[in-house]
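One structure below.
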Amino acid sequence: MDIRRVAVLGAGRLGRGIAEAAASKGYDVVLFSQGAGGKDAVSRIEKSLDRKLAKWGITESEKRLVLGRISYTQDLKELSKVDLFIEATLDHMHIKKELLRAADQYCRPEVVFISASATMRVSDLAREINRSDMLVGLHFIPPVTQVAVAELVRGEKTSDLAVETAKTFAARLGKEAVEIEESRGLVNPRALVVMINEAAYIVDEGVCDEYAAERILKESWGMKQGPLEMADRLGLDLVLNWMEQLQDTFGHRYAPCPLLRRYVREGRLGVKTRLGFLAYSEDDALLTEDEGDKED
Amino acid sequence: MNIFVLNCGSSSLKYKLYAMENEQVLAEGRVERIGQENAIITHQSQGKEKVSKTMPILEHTVAIRECLNLLTDPQQGVIKNVSEIDAVGHRVVHGGESFSDSVLIDDRTKEILDSLAELAPLHNPANVMGIRAAEKIMPKTPQVAVFDTAFHSTMPSHAYLYAIPYTIYQRHKVRRYGFHGTSHKYVSQRAAELMGRDIADLKIISCHLGNGASIAAIAGGKSVDTSMGFTPLEGLMMGTRSGDIDPGAIFYIMRKEGLTLHEIDSMLNKHSGLFGIAGVSDMRDIEKGIEEDDKLCKLAFDIYEYRIRKYIGSYIAAMNGVDAIVFTAGIGENTPALRSQLVANLPYLGISINEENNRKRGEDIEISTPDSKVKVFVIPTDEELVIARDTADIVS
């Protein structure tokens with residue numbers, strides 16, 4: 001099937017990133033969210049495009065074109081008009097299953113479903129829907145518009161057609177879909193949360209402060225962002241959620257550092273609250289240590 | 001002999017049907033927004049009203065079929081049947097080192113063209129898509145590829161090689177290719193005709209100044225150097241492209257601004273040139289700004305003119321002389337003030353401008369006075385005619 005119109009369910013960082021990446025490559029995107037924060041999703045995508053414009057990465061007319069391709073709705077009936085369905089909601093099994101069942105009813109039978117879940121098994125999700133052979137896992141890695149790789153997972157019943165559709169879609173977005181075996185937790189989230197957790201322990205034990213840990217790890221491994229900024233941009237609540245999911249399966253290897261739990265409890269969630277391990281400005285830019293102190 | 005000329009972009013195509021006996025355009029048109037439900041076809045047959053319609057056109061094959069329907073339409077058309085088309089000539093942007101001239105397309109040609117996609121990722125895949133679509137609809141009609149780079153294949157190695165490790169050229173074919181070759185070829189040949197001289201005896205500098213701009217040194221009818229290089233980013237200042245810049249400045253900017261490869265590429269290609277200096281990319285807006293005493297518009301104009309002048313000077317040195325300078329394409333044809341300023345700044349060439357001729361538009365015209373040592377022409381380019389001529393030559 002020729003794919004032109006893509007539904008993205010979930011307007012968090014991952015969902016917005018997928019929506020922006022797809023619209024940038026010419027797809028019409030319908031962004032669905034039933035959460036309260038969904039309404040400003042398009043304006044947050046506009047902010048993301050403004051940051052690219054400020055860095056000369058796109059032009060003003062390209063920005064308008066991309067925004068013109070994205071619409072937002074809370075009405076699941078709109079799913080009847082889409083050619084591809086992508087779920088990018090928070091990894092809560094019961095919510096995800098409920099949304100997938102609803103989408104299964106509204107989408108045309110030939111529409112392939114993609115789950116972008118970082119920790120849930122495709123086979124478990126597939127049991128909830130009639131089109132279990134049409135569900136494939138494709139985990140995009142934030143920032144979605146910049147990372148050139150995605151993790152592709154085949155469930156027990158996933159058809160070759162669904163896999164090919166996901167691979168073609170990823171390729172159009174300029175990403176290589178690397179196929180991995182199904183497991184609880186994919187390659188990037190599993191390795192990333194361990195690194196974030198260890199960095200949190202280093203800070204919690206007073207070995208060095210957040211900025212020193214971030215600088216050492218970022219520079220020594222040639223990263224664009226260190227683990228603490230990555231955690232802040234993902235959202236510390238999401239990181240904690242991933243760790244808890246992984247801890248259920250793998251045990252103490254994924255036991256969250258107490259500092260991470262404390263920050264989430266205090267509502268110190270990262271970029272979205274301007275403060276996580278590090279501090280951020282109104283336009284989501286990382287503040288230096290001195291600037292962060294002034295903000296405090 | 002009827003030749004159908006196709007210029008396919010990723011979401012648009014332009015076409016012309018020529019009767020080659022008298023090089024007459026029988027019909028022409030364009031399709032825009034291919035891939036969308038509201039694609040627009042505009043078509044005009046000679047001596048008939050222009051027609052325009054909006055319809056869903058989701059791929060190039062459908063677009064070409066619609067063009068052919070219009071060409072054979074009992075009311076709008078100019079031919080009765082598609083079989084009256086003797087050959088199709090395709091514009092192909094990049095021929096790499098494989099094609100030094102236009103070529104009859106076969107399976108091997110398409111394989112090579114596919115492999116050249118990464119040298120011109122915005123253009124070549126769309127050009128090849130047009131070739132495959134036309135073949136599908138007209139499987140028995142010969143198809144010819146005419147390359148923008150081919151005219152510059154005569155450049156000597158000392159002109160096309162960059163002074164970087166030679167292994168980079170051997171491994172990746174990184175070298176100057178040059179673009180707008182079809183246009184440079186057409187206007188230089190036309191200038192020789194207007195001078196009544198054999199092009200083999202002439203040294204010509206042709207300035208193709210459109211939104212993209214390049215300049216070529218043509219000695220004896222052959223390109224010996226040109227300002228665009230491995231990509232169309234090198235050389236003159238353009239509408240939104242920087243043209244020449246110290247590569248060291250690029251690394252410095254990337255470090256200072258924290259830019260990615262994509263961002264610096266986009267900055268140099270889409271945010272620079274006239275737009276980068278003055279905030280507008282259209283030369284008409286620049287001229288309007290100058291009238292309103294906008295200093296940045298004046299600065300942009302002066303940089304633009306100066307860089308053309310530098311290239312003219314260097315190509316006079318490269319050829320050890322010049323007989324004629326030709327201006328063509330949107331800015332080259334329609335900006336008398338630019339031509340006047342350029343010539344006024346080159347007094348050592350002994351050129352005088354006939355200002356009355358300089359202000360004329362839309363015709364092949366000499367704008368230098370009869371006593372000028374170097375002749376200056378404005379010649380509207382006609383790339384489609386060159387494609388049609390090459391196609392006719394190859395299939396004859």
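The values are calculated or read from the model by the stated rules, or taken from the named source; none is laboratory data. Keep in mind it's a predicted model, so treat the numbers as computed, not measured. Note: ideal-geometry Cβ built from the backbone for every residue, glycine included; neighbour counts use all protein chains shown. Accessible surface areas use protein heavy atoms only, side chains included; no ligands, DNA or RNA. Shrake-Rupley method; radii C 1.70, N 1.55, O 1.52, S 1.80 Å.
For chain B, the solvent-accessible area of protein heavy atoms averages 45 Å² per residue (probe radius 1.4 Å; ligands and nucleic acids excluded). Scanning chain A for GluC sites (Glu not before Pro) in DSSP loops with at most 14 neighbouring Cβ atoms within 10 Å leaves A:1-109 as the longest stretch between them. The distance linking segment A:67-119 with segment A:240-280 is 27 Å (Cα centroid to Cα centroid, whole angstrom).
Can you give the accessible area buried between chains A and B, summed over both chains, with a 1.4 Å probe, in Å² to the nearest 100? Before the final figure, lay out the partial values.
Working: alone 13870 and 18340 Å², together 31280 Å².
Accessible area lost upon association: around 900 Å².
For segment B:247-356, relative contact order (Cα pairs under 8 Å, six or more residues apart, normalised by length) works out to 16 percent.
Any chance you could list the semi-axes, whole Å, largest first, of the equivalent ellipsoid that the Cα gyration tensor gives for segment B:202-264, using √(5λ)?
Details: eigenvalues 185, 26, 13 Å².
Those come to 30, 11, 8 Å.
Measuring against 32 Å, Cα to Cα, the residue pairs B:LYS16/B:LYS110; A:LYS81/B:LYS50; B:LYS185/B:LYS270; A:LYS52/B:LYS53; A:LYS55/A:LYS157 contain A:LYS81/B:LYS50; A:LYS52/B:LYS53; A:LYS55/A:LYS157 as the ones spanning a longer distance.
What per residue convex hull volume, in Å³, do the alpha-carbon atoms of segment A:238-296 yield? Walk me through the numbers on the way to the answer.
Details: hull volume 5.1 nm³, N = 59.
Convex hull volume per residue, Cα atoms: 86 Å³.
With the convex hull of its Cα atoms as the shape, segment B:48-129 has an orientation-averaged projected area of 7.2 nm². With an a/c value of 1.5 or above and a/b not larger than b/c for the gyration tensor axes a ≥ b ≥ c computed over the alpha-carbon atoms, segment B:94-134 is described as oblate.
At 222 nm, what value in deg cm²/dmol follows for chain B if DSSP H runs of at least 4 each add -39500 (n - 2.57) and the sum is divided by all its residues, to the nearest 500? Let's see the in-between values first.
Values: 15 runs with 154 residues, N = 396.
Rounded to the nearest 500, the figure is -11500 deg cm²/dmol.
Comparing B:SER12, B:SER52, B:SER281 in a Gaussian network model of chain B where C-alpha atoms under 10 Å apart are linked, the largest mean-square fluctuation is found at B:SER52. Note on segment A:45-129: Kirkwood radius taken over Cα pairs, Stokes-Einstein applied at 37 °C and 0.692 mPa s, translational D equal to 219 µm² s⁻¹. From the alpha carbon centroid of segment B:145-170 to that of segment A:177-220 is 47 Å.
Of the accessible area of the protein assembly as shown, computed with a 1.4 Å probe over protein heavy atoms only, carbon and sulfur atoms account for 50 percent. Note: relative contact order over chain B, using C-alpha pairs below 8 Å and six or more positions apart, is 14 percent. Ranked by the mean number of other Cβ atoms within 10 Å of their residues, highest first, the peptides B:135-143, B:88-96, B:64-72 fall in the order B:88-96, B:64-72, B:135-143.
Take the Cα pairs of segment B:160-303, get the Kirkwood Rh, then feed it into Stokes-Einstein at 10 °C and 1.306 mPa s and tell me D in µm²/s. Here the translational diffusion coefficient equals 93 µm²/s.
When the Cα convex hull of chain A is projected onto planes of every orientation, the mean area is 15.0 nm².
Look at the stretch A:46-54: the mean tally of other chain Cβ atoms within 10 Å of its residues' Cβ atoms is 1.
Equivalent ellipsoid semi-axes for chain B, as square roots of 5 times the alpha carbon gyration tensor eigenvalues: give them largest first, rounded to whole Å.
For chain B, the semi-axes come out at 34, 26, 23 Å.
Mean projection of the Cα convex hull over all viewing directions, computed for segment B:3-71: 4.2 nm².
Tell me which DSSP H helices of chain B clear both cut-offs, 24 Å or more of axial length from alpha-carbon atoms and a mean Kyte-Doolittle hydropathy of at least -0.5. Please report the intermediate quantities before stating the final value.
On the way: long enough: B:295-319 (36 Å, 0.16).
Those that clear 24 Å and a mean of -0.5 are B:295-319.
Between A:ALA191 and A:PHE250, the modelled labels are 1.2 nm apart [label points 7 Å from Cα along Cα→Cβ]. Solvent-free Debye calculation, one equal scatterer per alpha-carbon of the protein assembly as shown: log10 I(q)/I(0) at 0.05, 0.06 Å⁻¹ equals -0.32, -0.45.
Extent along the principal axes, Cα only, for segment B:247-301: 38, 16, 16 Å, with the longest axis given first. Segment B:ALA163..B:GLN75, full-extension length gain: 25.8 nm, with 0.36 nm per residue of separation and the alpha-carbon distance subtracted.
Distance between the modelled labels on A:GLU205 and B:ARG33, one decimal in nanometres: 6.3 nm (7 Å Cα→Cβ projection). For segment A:207-296, averaging the sequence separation of C-alpha pairs within contact (under 8 Å, six or more residues apart) and dividing by the residue count gives a relative contact order of 24 percent. Amide H contacts under 5 Å for B:VAL376: B:ILE325, B:ILE367, B:SER368, restricted to partners 5 or more places along the chain or on a different chain, H placed in the peptide plane at 1.01 Å from N. If you look at the Cα atoms of segment A:140-296, you get an Rg and a Dmax of 17.3, 55 Å. If each of A:GLU128 and A:ALA171 carries a label point 7 Å out from its Cα toward its Cβ, how far apart are those two points in nm? About 3.1 nm separates the two model spin labels. A convex hull fitted to the Cα coordinates of segment A:95-222 yields 128 cubic angstrom per residue. Start at zero, step by 5 Å, and the Cα-Cα distances of segment B:124-192 spread as 3, 14, 15, 16, 15, 15, 12, 7, 2, 0 percent across the bins. Springs join every pair of Cα atoms under 10 Å in this Gaussian network model of chain B, and among B:ASN81, B:ASN334, B:ASN357 the largest mean-square fluctuation is at B:ASN81.
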